[in-house]
Every structure is written in C-alpha cells, then in structure tokens.
C-alpha cells in the first residue's frame with residue numbers, strides 16, 4: 001500500500017487583460033476538465049519562492065520577476081481515482097519577456113517530458129464542471145483582484 005503524504009506545491013499566477021495563464025488537463029476517471037496555473041512541487045531544502053522561479057524556467061523556459069506571495073491554500077482532493085493532499089503557496093509574478101503576454105498560448109513540458117499548452121483564460125472559462133484548481137484558488141484570485 002503506497003504511503004500517503006502531504007505535497008508542498010508552489011503555483012504562479014500570470015495575469016494579463018483579465019485573463020490568467022493555466023494548464024488545461026483532464027481527470028480520466030471523473031471525465032472532467034481541470035485548469036491549474038503553472039508550478040509544481042517544492043523540493044526539500046528549497047524555499048517556495050525559489051521553487052516557483054525554477055518551475056517556470058523548467059516548464060516554460062522563461063524567467064520571471066516581481067514575485068510576490070498572495071496566499072496559501074490547503075487542498076484535499078481526489079484525482080485519477082487517488083487521494084491527494086497539498087499545501088499550496090500561490091504567487092503572482094510577471095514574465096521578463098513581454099512577448100509572452102501577446103501569444104495565445106505558451107508551449108510547456110512537464111518533468112516527465114509530456115508537452116502541454118498553457119493558455120490565457122478568463123474567469124468564464126472556469127465552472128463547477130471544469131474548475132480552476134486547487135480548491136479555493138478562484139476565490140483567492142477574485143479577492144486579490146487578479147481575476148475578473
């Protein structure tokens with residue numbers, strides 16, 4: 001039986017003209033679409049702010065600046081039929097390359113090499129059937145005026 005553990009995670013919100021950059025993926029078991037900002041796991045001995053800079057560089061090949069913490073969320077969920085538990089540091093930042101904001105999507109790759117397209121989505125893209133995850137992120141972004 002696999003050991004259950006809490007995963008520390010850092011996510012970054014990039015916003016532009018009322019939209020945020022998200023990775024769209026599907027839970028094959030529940031047959032639903034989910035949206036999540038760019039980011040990933042915090043490694044042992046690594047500060048969450050350093051993790052987000054590293055994750056954006058690894059996933060998108062882009063450097064960022066003006067990184068600021070906007071909140072912390074705790075997410076207990078089921079994905080692909082398996083339970084998960086994350087403590088999520090949510091950051092706001094900007095891309096150093098302004099051209100990133102003019103593209104309809106950015107090519108990225110996960111740590112396992114899988115490719116993805118991060119797209120700019122407005123709040124109307126997120127519904128109960130196709131939510132922005134982790135839980136509580138939508139409300140946090142609304143409160144911080146990062147999502148219209």
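The values are calculated or read from the model by the stated rules, or taken from the named source; none is laboratory data. Here the structure is a predicted model, which means the values were calculated and not measured. Note: ideal-geometry Cβ built from the backbone for every residue, glycine included; neighbour counts use all protein chains shown.
Couple of notes before you dig in:
- Of all residues making up segment 91-148, the number that are in a loop (DSSP other than H, G, I, E, B), under 13 Å from the mean Cα position of the chain (by Cα) and closer than 12 Å to residue 23 by Cβ: 2
- Check on residue 79, at negative phi, more than 13 Å from the chain's Cα centre (by Cα) and free of Cβ contacts under 8 Å to residues at least 60 places away in the same chain: yes
- When segment 5-18 is filtered for residues that are surrounded by fewer than 18 Cβ atoms within 10 Å (Cβ to Cβ) and either more than 17 Å from residue 51 (Cα to Cα) or at pLDDT below 95 (or both), the ones remaining, listed by number, are 5, 16, 17, 18.
- Within segment 131-144, residues that are surrounded by 14 or more Cβ atoms within 10 Å (Cβ to Cβ) sit with their Cβ atoms under 9 Å from residues that are part of a helix (DSSP H, G or I), at 6+ positions apart or across chains, in these pairs: 131/137; 131/138; 132/123; 132/125; 132/138; 132/141; 138/123; 141/123.
- Residues in segment 33-51 that are more than 17 Å from residue 116 (Cβ to Cβ) and in contact with a strand residue (DSSP E or B) (Cβ under 7 Å, 6 or more places away or on another chain): 4 in all.
- Among the criteria (1) in a helix (DSSP H, G or I); (2) surrounded by fewer than 17 Cβ atoms within 10 Å (Cβ to Cβ), the one residue 85 does not fulfil is (1).
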